[in-house]
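Visitor: I'd like to ask some things about the structure below.
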């Protein structure tokens, strides 16, 4: 008897995105031995195309999806989406195509928030909620990655089966080499890794570093990644005279990324972006980095303040400087949080747990009993 076929929708797996990381983890996990997993590439990430080529691909892709479902004998279509207008409307078409082809649909929301998507105007918010209430009923199951969105989607579509299934990561991180036991008078080593966009709190991070240097607190920040703000951030470093305190590592993958985690002590992620559950957070904590984070998306589900890391308000360089100063001066606290962060991810956010959860979901969907899924 052949393995059931699952078609996963998402961007090019070599692209720099959270969904690409998610797909790579699933394809590299035990899940791939239990199901025949096939990818259908969607989105612009990792592509080089003209505006005309983009439009032609967008118009052709629903038909290509239907052909892929028929060609592979797909039973389950796993749609990976987010609550931003472009992805939401595009992926709704794919949901309809998959249902029309007789496949069962798992609709996983990785980023964005119901409240933000609906907007602040009362008329727009009411209309958007009506649309979401209707369309959330179309898939066989909706998967979310944060407690907040689990409650929000459940309130909008109470008759739909909504499952909270957080991301996972490789927890087989190398042991720290005494990094947390370094003396308080050595520089505190900070790492940001991800896309270089304004909403990740990077400019606020640079201002915090400048404040600390003026106070005599010695830190060093490595910024790893690429994005539209790279040149602006480099100019800001020069303007604040932080060339000795901040370095740019460029995009980092594989062994180079692991080396950056190994060399750092603190993960800096003061984001006010519409996050889901950042893989950088899970990867950093798995490597023993202590996170300084904001209460965005699923981050509060993972990090308990004072136990695994420290929280700061968004867009607040002064609070950010205070959190960094706390860890720079209290290396014993840094060490305790480092161990707690590693244990937290190992216990609840491993790839093995992720594969087991999706195996259970796929098995129930395969049998056509979505009502049997546990929330």
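Visitor: Do any residues in region 235-248 that are surrounded by 11 or more Cβ atoms within 10 Å (Cβ to Cβ) have Cβ atoms under 6 Å from those of residues that are part of a strand (DSSP E or B) and modelled with pLDDT of 95 or more, where the two are at least six apart or on different chains, and which pairs are they?
Guide: Going by the 6 Å Cβ cut-off, the qualifying pairs are 237/246; 245/220; 246/221; 247/222; 248/223.
Visitor: For residue 297, state whether it is outside the structural domain of residue 115 (by TED's automatic domain parsing), at pLDDT below 95 and under 22 Å from residue 200 (Cα atoms). Even if it seems obvious, please write down each step before you answer.
Guide: Values: outside the structural domain of residue 115 (by TED's automatic domain parsing): yes; at pLDDT below 95: yes; under 22 Å from residue 200 (Cα atoms): yes.
Judged against the criteria, residue 297 is a match.
The rows are residues; the columns are (1) assigned to a helix (DSSP H, G or I); (2) surrounded by fewer than 20 Cβ atoms within 10 Å (Cβ to Cβ); (3) touching a strand residue (DSSP E or B) at 6+ places or on another chain (Cβ under 8 Å).
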{"site": "285", "(1), (2), (3)": "yes, no, yes"}
{"site": "296", "(1), (2), (3)": "no, no, no"}
{"site": "322", "(1), (2), (3)": "yes, yes, no"}
{"site": "354", "(1), (2), (3)": "yes, no, no"}
{"site": "357", "(1), (2), (3)": "yes, yes, no"}
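Visitor: Taking the options 74, 38, name whichever one is in contact with a strand residue (DSSP E or B) (Cβ under 6 Å, 6 or more places away or on another chain), in the same structural domain as residue 93 (by TED's automatic domain parsing) and touching a residue at least 40 places away in the same chain (Cβ under 8 Å).
Guide: Details: 38 fails: touching a residue at least 40 places away in the same chain (Cβ under 8 Å).
When all the criteria are applied, what remains is 74.
Visitor: Here is a check on your reading of the model: is residue 97 surrounded by 15 or more Cβ atoms within 10 Å (Cβ to Cβ), free of Cβ contacts under 8 Å to residues at least 40 places away in the same chain and assigned to a strand (DSSP E or B)? Reasoning before the result, please.
Guide: Working: surrounded by 15 or more Cβ atoms within 10 Å (Cβ to Cβ): yes; free of Cβ contacts under 8 Å to residues at least 40 places away in the same chain: yes; assigned to a strand (DSSP E or B): no.
Here the answer is no, as residue 97 does not meet what is asked.
Visitor: Taking the residues in region 24-62 that are at pLDDT 90 or above, part of a loop (DSSP other than H, G, I, E, B) and in contact with a helix residue (DSSP H, G or I) (Cβ under 7 Å, 6 or more places away or on another chain) as candidates, determine which candidate is nearest to residue 195 (Cα to Cα).
Guide: So the residue we want is 42.
Visitor: Let me ask something else. Name, by its number, the condition in (1) more than 18 Å from residue 316 (Cα to Cα); (2) out of contact with any strand residue (DSSP E or B) (no Cβ under 7 Å at 6 or more places or on another chain); (3) exposed (fewer than 15 other Cβ atoms within 10 Å of the Cβ) that does not hold for residue 262.
Guide: (3)
Visitor: Any residue at all in region 227-246 that's within 17 Å of the chain's Cα centre (by Cα) and either modelled with pLDDT under 95 or under 30 Å from residue 348 (Cα atoms) (or both)?
Guide: If we filter region 227-246 for residues that are within 17 Å of the chain's Cα centre (by Cα), which is where we start, we get 227.
Filter once more, so that each one left must be either modelled with pLDDT under 95 or under 30 Å from residue 348 (Cα atoms) (or both): 227.
Yes, because at least one residue in region 227-246 is within 17 Å of the chain's Cα centre (by Cα) and either modelled with pLDDT under 95 or under 30 Å from residue 348 (Cα atoms) (or both).
Visitor: Next question, about the same structure. Find the helices (runs of 4 or more DSSP H) located wholly in region 102-169 whose residues include 3 or more that are touching a strand residue (DSSP E or B) at 6+ places or on another chain (Cβ under 9 Å) and buried (at least 17 other Cβ atoms within 10 Å of the Cβ), and list them.
Guide: On the way: elements: 114-118, 122-135, 147-156.
In region 102-169, the matching helices (runs of 4 or more DSSP H) lie at 147-156.
The values are calculated or read from the model by the stated rules, or taken from the named source; none is laboratory data. Please read these numbers as outputs of a predicted model, since none were measured by experiment. Here the Cβ is made from the backbone with ideal geometry for all residues, glycine too, and neighbour counts use every protein chain on show.
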